[in-house]
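FYI, it's all coordinate maths here, none of it is from the lab. Since the model is a prediction, treat every value here as computed from it, not as a measurement. For neighbour counting, all protein chains shown are included, and Cβ atoms are generated from backbone atoms with ideal geometry for every residue, glycine included.
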Amino acid sequence: MATIILGSQWGKLTDILAPKAQLCARAAGGHNAGHSIVANGVSYNFHLLPSGLMTDNLNLIGSGVVFHAPAFFKELDELESKGLKGVHDRIFVSDRVHIDLDLHVAIDGLEEVELGASKIGTTCRGIGPSYSTKAARSGIRLSEVFDAELFETKIRRLAAASKKRYGDLLKYDVEEEIAKFNEYRPKLAKYTVDAVAFIKQAQDKNMKILVEGANALMLDIDYGTYPYVTSSNTGLGGIFTGLAINPTKIDEIIGVVKAYTTRVGGGPFPTEDTGEVGTKLQEIGREWGVSTGRKRRCGWLDLVVLKYSTAINHYTALNLTKLDILDTFPTIKVAVAYKDPETGEEIPSFPANLDQLAQVEVVYKELPGWNESTSKVTTFMDLPMAAREYVHFIENFIGVKIKWIGTGPDRDDMIYRTA
């Protein structure tokens, strides 16, 4: 059976179940998605690779991912240098992934410059341009990398078209990238698999599969705050298209929820606090991106967003992270509704129109803080009563049980609620 872990807001995920899995798989996104895992005092950064490499299980980069070869090898070498054993032998890549070229990276930066004040706030790692060429049917799949003549023809065609579009603004050397792939080609063969057959075989063997989403639901190309989103389906639908996994063999769908809300990049953020509260959350929570180092925007937990996310991803359980970051707040607020500022009427659902979203009046519920440390608590009843009430309020409002509660940066700082 498969367990799916998805980001429910704008943030990333944790690896709470990786040690119990036999196969860990990524379905979409690229090396723009970043999260850290702390184990035994060592911090490991994951971008393109599945976090199952922390354990002894197999790992797969699925067909819906855009694959940046330099990042792949660099990240593997960094994990190996920190003491993780056999990482090169436990990672496989679908032959249907689209290649995120250095050409795409160069274009990404130019597109952001062109947008000026309306820029999306991308990581400038080529993700959007990679998915654009994929959708335009001019992209290059990993399987095509192994046909040197075909690869060279296609990359030269892409480079020529981009040169016409951007002229001298485009700083890119196609000969250099072709030379790089001449080196990568024999190395990549070891990792490349037919992921459709790979997943089918794993499910036929009843392997325990953990699927981890990359970016969270509010960055989904269809359901997020478009256009301030990533370029892939980050929700439940993207899991099935990116991995060809059997939807009748899903055991659990877990939504990862921060105890407050953060996002990186542009776009409306109704509960954002640009004053003392936001700064305090940012500093205590160490809220800056693993991939880019950019500071994350911070604000109170938005249950309107979480309810909307739940309606799309159909969570069977939630993982509430970073509860300990709220330890020193005397009062904690949660958003429970949006109102139209002109009519005063409650807006029935999360708006698609960003102008409307930017102007909503947020209705907050104030809850008492607990003003004591929850750091590294591993039993629910050992939490202060106010902290337990905060957890109960969230799960009662959303209608989904919170099974895991993070109380610190280490992967073992976790409460697991069985009842």
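With each run of n ≥ 4 DSSP H residues scored as -39500 (n - 2.57), what mean residue ellipticity at 222 nm is computed for the chain after dividing by its residue count and rounding to the nearest 500 deg cm²/dmol? Spell out each step's value before the answer.
On the way: 12 runs with 132 residues, N = 419.
The helix-only estimate for the chain comes to -9500 deg cm²/dmol at 222 nm.
Kindly identify the stretch 61-116 as rounded, prolate or oblate by the Cα gyration tensor criterion: order the square roots of the eigenvalues as a ≥ b ≥ c, call it rounded if a/c is under 1.5, otherwise compare a/b with b/c, prolate if a/b is larger, else oblate. It would help to have the intermediate numbers written out before the result.
On the way: a/c = 3.78, a/b = 1.83, b/c = 2.07.
Since a/c reaches 1.5 but b/c is at least a/b, the shape of the stretch 61-116 is classed as oblate.
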Practice problem: Please report the relative contact order for the chain, taking Cα pairs under 8 Å with a sequence separation of at least 6, and give it as a percent rounded to a whole number. | Solution: 19
Self-check item: Projected label distance in nm at V113 and S143, using a 7 Å step from Cα toward the beta-carbon
Solution: 3.7
Quiz prompt | Estimated FRET transfer efficiency when R0 is 22 angstrom, pair E389-A39 (beta carbons, to 0.05) | solution = 0.10
Self-check item: Spacing of the two label points (7 Å from each Cα toward its C-beta) at D222 and F397, in nm
Solution: 2.8
Practice problem: Enter the Cα centre distance for the pair the stretch 27-79 and the stretch 226-259, rounded to the nearest angstrom. | Solution: 17
Quiz item: Put +1 on the Cβ of each Lys and Arg and -1 on the Cβ of each Asp and Glu in the chain; which of G266, N319, I5 then has its Cα farthest toward the positive end of the dipole?
Solution: I5
Quiz prompt | Folded to 0 to 90 degrees: helix 303-313 orientation relative to the chain principal axis, Cα | solution = 50
Quiz item: Just how large is the dipole of the chain about the Cα centre, in debye to the nearest 20, putting +1 at every Lys and Arg Cβ and -1 at every Asp and Glu Cβ?
Solution: 780
Quiz item: Quick one: if you stick a label point 7 Å off each Cα along the C-beta vector at A197 and Y166, how many nm between them?
Solution: 3.8
Practice problem: Positive end of the charge dipole of the chain (Lys, Arg +1 and Asp, Glu -1 on Cβ, about the Cα centre): tell me which of A21, T378, T310 has its Cα farthest that way. | Solution: A21
Practice problem: Go ahead and set up a Gaussian network model of the chain, Cα springs under 10 Å, then flag whichever of A71, A135, A25 fluctuates most. | Solution: A135
Quiz item: Across 10 Å bins from the origin, how do the percents of Cα pairs in the stretch 257-416 run, short distances first?
Solution: 10, 38, 38, 12, 1
Quiz item: At a Förster radius of 35 Å, what calculated FRET efficiency corresponds to the Cβ-Cβ distance of Q359 and E283, to the nearest 0.05?
Solution: 0.75
Practice problem: Please go through the residue pairs K85/K190; K322/K403; K20/K403; K85/K187; K258/K401; K82/K376 and name each one whose alpha carbons sit more than 21 Å apart in this structure. | Solution: K82/K376
Quiz item: Once the Cα atoms of helix 385-398 and of the chain are each reduced to a long axis, what angle between those two axes, in degrees from 0 to 90 to the nearest 10, is obtained?
Solution: 60
Quiz item: Top mean-square fluctuation among G52, G267, G30, Gaussian network model of the chain, C-alpha springs under 10 Å?
Solution: G267
Practice problem: For the stretch 257-416, give the magnitude of the charge dipole about the Cα centre (Cβ charges: +1 Lys/Arg, -1 Asp/Glu; no others), in debye to the nearest 20. | Solution: 540
Quiz prompt | Unit charges at the beta carbon, dipole of the chain: most positive-side option, N215, F151, T230 | solution = F151
Quiz item: With the chain treated as a Gaussian network of Cα nodes joined by springs under 10 Å, which of E176, E287, E144 yields the largest mean-square fluctuation?
Solution: E176
Quiz item: Taking only Cα atoms, what is the 0 to 90° angle, nearest 10, from helix 69-81's long axis to the longest principal axis of the chain?
Solution: 60
Exercise. Take the alpha carbon gyration tensor of the stretch 99-187, find the square roots of its eigenvalues, order them as a ≥ b ≥ c, and report rounded if a/c is under 1.5; if not, report prolate when a/b exceeds b/c, else oblate.
Key: prolate
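Roughly what % of Cα-Cα distances in the chain sit above 33 Å, to the whole percent? Walk me through the intermediate numbers first.
Details: 29214 of 87571 pairs.
Beyond 33 Å sits 33 percent of the P(r) for the chain.
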Quiz item: Going by a ≥ b ≥ c, the root eigenvalues of the Cα gyration tensor, does the stretch 145-291 fall in the rounded group (a/c under 1.5), the prolate group (a/b larger than b/c) or the oblate group?
Solution: oblate
